[in-house]
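J.: Right, I'll just put the structure down here and ask away after.
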Amino acid sequence: MTMYSAMTTATGEGAAQALAAAVEDLEPFAVGVFEVEDGSGLFEVGAHFEDPPDAIALDLLAAVHGARPWAVSEVPDVDWVAKVRRDLPPVVAGRFVVHGAHDAGNLPPGTVPLLIEAAMAFGTGHHGTTLGCLRAIDRLEAEGFRPEAVADVGAGTAVLAMAATLAWPAARVVAGDNDPVAVDTARANLRANGLAGRVVCVRAEGLDAPAFADAAPFDLILANILKGPLIALAPAFAAALAAGGRVILSGLLTHQADEVARVYARHGVNEAGREEIGDWATLILVPITKIQA
């Protein structure tokens, strides 16, 4: 069955959310609002329909809410999960290889497998942010870094928490996400990888959960989210970081990395390394006292 997608952008989250609410009257089966992470202040509004949407009604709503004209396109009837599985090969990140079940028998020898199904989308390792974080974990382990407590904030698929658990089997690892679906997904992935019971998965805003408080201070904090939340979490991360610890941050466009690094420096955590993959940057930060030692 052919479906239809309508996309536009509006300036400011308020206008975008209001437009999304108005579009609900046209009875789409899904509506979403997403920030365009380029500093423009634009928000993308997307709506998906089973039947061709009313173009006049869409144009009127766009005009009322100051949005750009809608771009409407047909979405062919495709088994997207099967297509993604075909099109996304395993990803090698240092010693780690992120793969789907269909590739389990075709992995490079000597690598550490992380099973993440393609249906999970973000967190499969194909995105530059996840890849950068996995490489950073691999480098820290190779350098002899040995954390006793690890926090994965905004864990999503828990791929980073799993990588940390496999790199440092003795470490206590806590993975949190504010989306209950993500928490369920993380637990399912842990079971699929034979790691059930080795990572504590909780629903949390940042570090705001008893499991994080009980495990702190952390020798390693992982956060692959977005610039805004990373900046907001800087004080909490600095306070929860053990002496000589590390913070790995991603979800950042390359032009956002300097601003985030400056914010963390003001909280006593300095940049010690950076990797850029395409348009995305991954930062490794350490307490200032560690740099001065």
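The values are calculated or read from the model by the stated rules, or taken from the named source; none is laboratory data. In this text the structure is predicted, and so the values were computed from the model without any measurement. All Cβ positions, glycine included, derive from the backbone under ideal geometry; neighbour counts span all protein chains shown.
J.: For the range 184-218, name all the residues that are part of a loop (DSSP other than H, G, I, E, B) and either in contact (Cβ under 8 Å) with a residue 24 or more places away in the chain or buried (at least 16 other Cβ atoms within 10 Å of the Cβ) (or both). Show your work before the answer.
T.: Let us first name the residues in the range 184-218 that are part of a loop (DSSP other than H, G, I, E, B), namely 193-198, 204, 206-207, 209, 216-217.
Answer for the range 184-218, where residues must be part of a loop (DSSP other than H, G, I, E, B) and either in contact (Cβ under 8 Å) with a residue 24 or more places away in the chain or buried (at least 16 other Cβ atoms within 10 Å of the Cβ) (or both): ASN193, LEU195, ARG198, ALA204, GLY206, LEU207, ALA209, ALA216, PRO217.
Table: residues versus (1) modelled with pLDDT of 90 or more; (2) assigned by TED's automatic domain parsing to the domain that holds ALA136; (3) out of contact with any strand residue (DSSP E or B) (no Cβ under 9 Å at 6 or more places or on another chain).
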{"residue": "PHE34", "(1), (2), (3)": "no, no, no"}
{"residue": "GLY39", "(1), (2), (3)": "no, no, no"}
{"residue": "ALA55", "(1), (2), (3)": "yes, no, no"}
{"residue": "ARG86", "(1), (2), (3)": "no, no, yes"}
{"residue": "ALA104", "(1), (2), (3)": "no, no, no"}
{"residue": "GLY110", "(1), (2), (3)": "no, no, yes"}
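J.: For ALA243, state whether it is closer than 27 Å to GLY144 by Cα, among the hydrophobic types (A, V, I, L, M, F, W, C) and touching a residue at least 40 places away in the same chain (Cβ under 8 Å). Spell out the reasoning first.
T.: On the way: closer than 27 Å to GLY144 by Cα: yes; among the hydrophobic types (A, V, I, L, M, F, W, C): yes; touching a residue at least 40 places away in the same chain (Cβ under 8 Å): yes.
Yes, satisfied.
J.: Suppose we filter PHE218, PHE212 for residues that are in the same structural domain as ALA170 (by TED's automatic domain parsing), among the aromatic types (Phe, Trp, Tyr) and more than 27 Å from GLU275 (Cα to Cα); which single one remains? Walk me through it before giving the result.
T.: On the way: PHE218 fails: more than 27 Å from GLU275 (Cα to Cα).
None of the others qualify; the one that does is PHE212.
J.: How about the range 233-265: which of its residues are of a type in the set (Gly, Ala, Ser) and either part of a helix (DSSP H, G or I) or at positive phi (or both)?
T.: Scanning the range 233-265 gives ALA234, ALA236, ALA238, ALA239, ALA240, GLY244, GLY251, ALA257, ALA261, ALA265.
J.: Within the range 14-22, does at least one residue satisfy the condition of being touching a strand residue (DSSP E or B) at 6+ places or on another chain (Cβ under 9 Å), not assigned by TED's automatic domain parsing to the domain that holds TRP280 and not in a helix (DSSP H, G or I)?
T.: There is no residue in the range 14-22 that is touching a strand residue (DSSP E or B) at 6+ places or on another chain (Cβ under 9 Å), not assigned by TED's automatic domain parsing to the domain that holds TRP280 and not in a helix (DSSP H, G or I).
J.: Just to check your reading of the model, which residue among GLY132, GLY156 is farther than 18 Å from ARG246 by Cα and either modelled with pLDDT of 95 or more or under 15 Å from the mean Cα position of the chain (by Cα) (or both)?
T.: Values: GLY132 fails: farther than 18 Å from ARG246 by Cα.
None of the other options fit; the residue is GLY156.
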